[in-house]
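One structure below.
Coordinate-derived values only; no laboratory data. Bear in mind that the values here come from a model prediction, so they are computed numbers and not experimental data. Virtual Cβ from ideal backbone geometry, glycine too; neighbours counted across all protein chains shown.
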Amino acid sequence: MSERTSITANRAAQAPAWPDHITVEPRILYFGTPVVLLSTENEDESFNLAPMSSAWALGQVVVLGLGASGQTGHNLASRPEMVINLPSPHQWAAVERLAPLSGRDPLPDHKKDAFRFERDKFDAAGLHPEPSHVVRPPRVAECPLQLEARAVRVQPDTANDFLVVEARVLKVHADSSIVIPGTQHIDPTAWSPLVYNFRHYFGLGPELGHTFRSETPSASHGTA
């Protein structure tokens, strides 16, 4: 073996094992986001409850992605109050009971084959409403984390297929078991959101570490 060949072989042996990327065209990009149960008010002052999986938070604002033809988007366009309820992983079956239901009557054409209208979604999912403090739609009693909020901007996405909602959080309710005693902090070792990953439900795995900005560092973990 020549010296040049030997050097090339050594470099190849020492190179990191990069992923073997291929080009794909997935129809959806649900690459791991928390599930939300969104309660809103209908025109007749009843309430709708809808599962959704496109939500992210920045400060006290939560950005939501909704179907443009659904009842939730219809409600928020004229009645901006809502509750953003976050279920735990063990509640995935209740979320899935809501999945084929619609609060829109009549159903949009694209939903007629796979969905059915349901007026009382709380009952259909086996969940219970409880009064909110500052908004009209109720909270989901079973959800450990509940955010009372108001939509401040509702607009179509760039393709005009969805609605993008910017919601200002007004009040946060948390199960006492997931709050660090004596603080205002959610305990990330006690709370796990239900995560929707390419149309499958997951919880979080074990903690790996924490960022240097964390106000709730775990004594047993350091940053990687």
Using a 7 Å offset from the Cα along the Cα-to-Cβ direction at both residue 198 and residue 176, what is the distance between the two label points in nm, to one decimal? 4.2
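Percent antiparallel among DSSP beta bridges with both residues in the chain, to the nearest 5? Walk me through the numbers on the way to the answer.
Numbers: 46 of 48 bridges.
The answer is about 95 percent antiparallel.
Please arrange 72, 23 by how many other C-beta atoms lie within 10 Å of their C-beta, fewest to most. Write down the numbers at each step before the final one.
Details: 72 24, 23 4.
By the 10 Å Cβ count, ascending: 23, 72.
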As an exercise, take the mean of 1/r over every pair of distinct alpha carbons in the chain, invert it, and state the Kirkwood radius in angstroms. 19.9
Write out the trypsin sites (Lys or Arg not before Pro) in the range 117-224 meeting two conditions: DSSP loop, and at most 16 other Cβ atoms within 10 Å of their Cβ. 119, 199, 213
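Near residue 78, within a Cβ-to-Cβ distance under 12 Å, what is the net charge of the other residues, with Lys and Arg +1 and Asp and Glu -1? Don't skip to the end; give the middle numbers.
Values: positive: 79; negative: 41, 43, 81.
Combined, the nearby Lys, Arg, Asp and Glu give -2.
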Taking the alpha-carbon centre of each part, the distance from the range 55-78 to the range 119-139 in Å is 17
